[in-house]
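Chemist: Here it is, the structure in full.
The values are calculated or read from the model by the stated rules, or taken from the named source; none is laboratory data. Please read these numbers as outputs of a predicted model, since none were measured by experiment. All Cβ positions, glycine included, derive from the backbone under ideal geometry; neighbour counts span all protein chains shown. Surface areas here come from the heavy atoms of the whole protein model, side chains and all, with no ligands, DNA or RNA. Shrake-Rupley method; radii C 1.70, N 1.55, O 1.52, S 1.80 Å.
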Amino acid sequence: MPRYHQIFLVLSEQIREGRFDDARLPTEHELAETFKAGRVTVRRALDGLQQAGLISRTPGLGTFVKKQAEKRKAPASKRNLFENLVALTRSTTVKVLEYKLVRKSDIAQLLGLDAQESVLKIVRVRSFKGTPLSHITTYLPQQFSKFVRREKLLATPMLTLMSEAGVLFDRAEQSISAKLADPIVADRLQMDAAAALLAVRRITYDKNGRAIQYLEGLYRPDLYEYRLELSRTGVESANIWSPSARGENTISGE
């Protein structure tokens, strides 16, 4: 990862954590000393922060944090996992990049199908005001192609379409890790190649214990935060929050 991008990620995180209480960032010289980097590198990182709408720069006065960039605590959600997953916000848009039947034996087996059966592959990118936030690849049993139509995905969350088709959701198995963006994903998310991404893998099951969806999601860590509220009895709520939405919860309708 380029040095300037590392500095950009660290500063953007510190901004959203409210580290700069006086709303003013250190000077380029001070940042260069802190990060042990040249001023040209620091200046490039600051350019990225300005383009992301996190700071404003005034010659002779300094660099200031924009108020809406500071992280705001969203109220804890008491909805369950599936309610959060289908709560698609009006402020996001979806672009369907791929919609086709494919043969992938490993995916078919994850969905409890015969290795030779075709599965429906759907690739989408979700954006907020033109800025891409997530890259989602989903696989469904072929039977759902009758209900989960390409044109419907532009306005309706996938899980809602499946629910309307009679699916009763019961549980999901999910893992969260980190992954480096390959050149294709990096271009789609407007990031540098090999930039760090939040990677989510999820298998969703219905009331009969059948796997009905396999999902691989890649999220920009500078724009997304995955939150879990835990209790002694398990997960109380789960959602993905986007600071781009001015402190509101932005839930991915996958």
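Chemist: Consider the range 143-159. How many of its residues are more than 19 Å from ALA211 (Cβ to Cβ) and either assigned to a helix (DSSP H, G or I) or modelled with pLDDT of 90 or more (or both)?
Modeler: 6
Chemist: Failed condition for ALA87, given (1) at positive phi; (2) small (Gly, Ala, Ser); (3) at pLDDT below 85, with all others met?
Modeler: Every listed condition holds for ALA87 apart from (1).
Chemist: Still on this model: Looking only at the range 112-123, count every residue that is open to solvent by 10 Å² or more (accessible area, probe 1.4 Å) and either within 18 Å of the chain's Cα centre (by Cα) or in contact (Cβ under 8 Å) with a residue 12 or more places away in the chain (or both) and tell me the total.
Modeler: Of all residues in the range 112-123, those open to solvent by 10 Å² or more (accessible area, probe 1.4 Å) come to 112-118, 121.
So of that shortlist, the ones also either within 18 Å of the chain's Cα centre (by Cα) or in contact (Cβ under 8 Å) with a residue 12 or more places away in the chain (or both) come out as 112-113, 116-118, 121.
So the answer is 6.
Condition check ((1) assigned to a helix (DSSP H, G or I); (2) open to solvent by less than 40 Å² (accessible area, probe 1.4 Å)) across all residues:
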| residue | (1), (2) |
| --- | --- |
| LEU9 | yes, yes |
| PHE20 | no, yes |
| PRO26 | no, no |
| HIS29 | yes, no |
| GLU33 | yes, no |
| ALA37 | no, yes |
| ARG43 | yes, no |
| LEU49 | yes, yes |
| GLY53 | no, yes |
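Chemist: Let me ask something additional. Looking for whichever is modelled with pLDDT of 90 or more and either touching a Lys or Arg at 6+ places or on another chain (Cβ under 6 Å) or exposed (fewer than 14 other Cβ atoms within 10 Å of the Cβ) (or both) here; the options are LYS129, LYS67, LYS100. Which one fits?
Modeler: LYS100
Chemist: Given the conditions (1) modelled with pLDDT under 75; (2) closer than 24 Å to VAL125 by Cα; (3) of a type in the set (Ser, Thr, Tyr), report the number of the one that SER77 does not fulfil.
Modeler: Unmet condition: (2).
Chemist: Let me confirm something: among ILE203, ILE184, which residue is modelled with pLDDT of 90 or more, open to solvent by 30 Å² or more (accessible area, probe 1.4 Å) and farther than 19 Å from ALA52 by Cα?
Modeler: The match here is ILE184.
Chemist: Restricting attention to the range 117-161, report how many residues are in contact with a helix residue (DSSP H, G or I) (Cβ under 7 Å, 6 or more places away or on another chain), more than 23 Å from LEU197 (Cα to Cα) and not acidic (Asp, Glu).
Modeler: Final tally of qualifying residues: 9.
Chemist: Yes or no: LYS152 touching a residue at least 12 places away in the same chain (Cβ under 8 Å) and among the charged types (D, E, K, R)?
Modeler: On the way: touching a residue at least 12 places away in the same chain (Cβ under 8 Å): no; among the charged types (D, E, K, R): yes.
No, not satisfied.
Chemist: Every residue in the range 11-33 that is closer than 19 Å to LEU197 by Cβ and out of contact with any helix residue (DSSP H, G or I) (no Cβ under 8 Å at 6 or more places or on another chain), please.
Modeler: Across the range 11-33, the qualifying residue is only GLU13.
Chemist: Can you tell me which residue within the range 206-238, out of those that are in a loop (DSSP other than H, G, I, E, B) and at pLDDT 90 or above, is least open to solvent (accessible area, probe 1.4 Å)? Show your work before the answer.
Modeler: Taking the range 206-238 and keeping what is in a loop (DSSP other than H, G, I, E, B), we get 207-210, 220-224, 232-233.
Add one more test, that the residue is at pLDDT 90 or above, and what stays is 207-210, 220.
Values: LYS207: 126, ASN208: 119, GLY209: 48, ARG210: 139, ARG220: 27 Å².
Applying the filter and picking the extreme gives ARG220.
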